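Just so you know, all these numbers are worked out from the coordinates, no wet-lab data involved. Values in this document were obtained by computation on a predicted structure and should not be read as measured data. Here Cβ is always computed from backbone atoms with ideal geometry, including for glycine, and neighbour counts include all displayed protein chains.
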Amino acid sequence: MQTALAIRHVAFEDLGTLDEVLAQRAVAVTYAEAPLDDLTALDPLAPDLLGHACETAATPGVTVAGLRADTARWGPALEQAGHRVLARWLDEAEAA
């Protein structure tokens, strides 16, 4: 069975018309609540459905498989770099 993860930013959001399409294809949808759930505990490579599918499909040279491979390859290093940048920015903001 295919799966989809929808990260909901406000409680009333849903998948709209996409919900019916996914249900017809027996795709299991899981919601994560952005303001409440620990999003770092989610495996971004686990769901079959990637958000922004229209933009992905319309971009030459970009594929879901390629994005997953790039995430697996670069994700850990970029996460560490992001933490360092954010920590430095917060340190400098507190010092100002």
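Key figures for this structure:
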item: Full-stretch length increase - Glu79, Gln24 - with 0.36 nm per residue and alpha-carbon distance subtracted; result: 16.2 nm
item: Estimated dipole of the chain in Debye, rounded to 20 [Cβ of Lys and Arg +1, of Asp and Glu -1, Cα centre]; result: 400
item: Cubic angstrom per residue, convex hull over Cα atoms of region 16-96; result: 166
item: Sites matching chymotrypsin sites (Phe, Trp or Tyr not before Pro) across the chain that sit in DSSP coil, with at most 14 neighbouring C-beta atoms within 10 Å; result: Phe12
item: Under 15 Å, Cβ to Cβ, from Arg84 - net charge with Lys/Arg +1 and Asp/Glu -1; result: -2
item: Whole-number D in µm² s⁻¹ for region 1-49, Kirkwood Cα-pair radius fed into Stokes-Einstein, 4 °C, 1.567 mPa s; result: 113
item: Within the chain, helix-based [θ] at 222 nm, where runs of 4 or more DSSP H residues each add -39,500 (n - 2.57), nearest 500; result: -16000 deg cm²/dmol
item: At most 16 other Cβ within 10 Å, DSSP loop - GluC sites (Glu not before Pro), region 2-42; result: Glu13
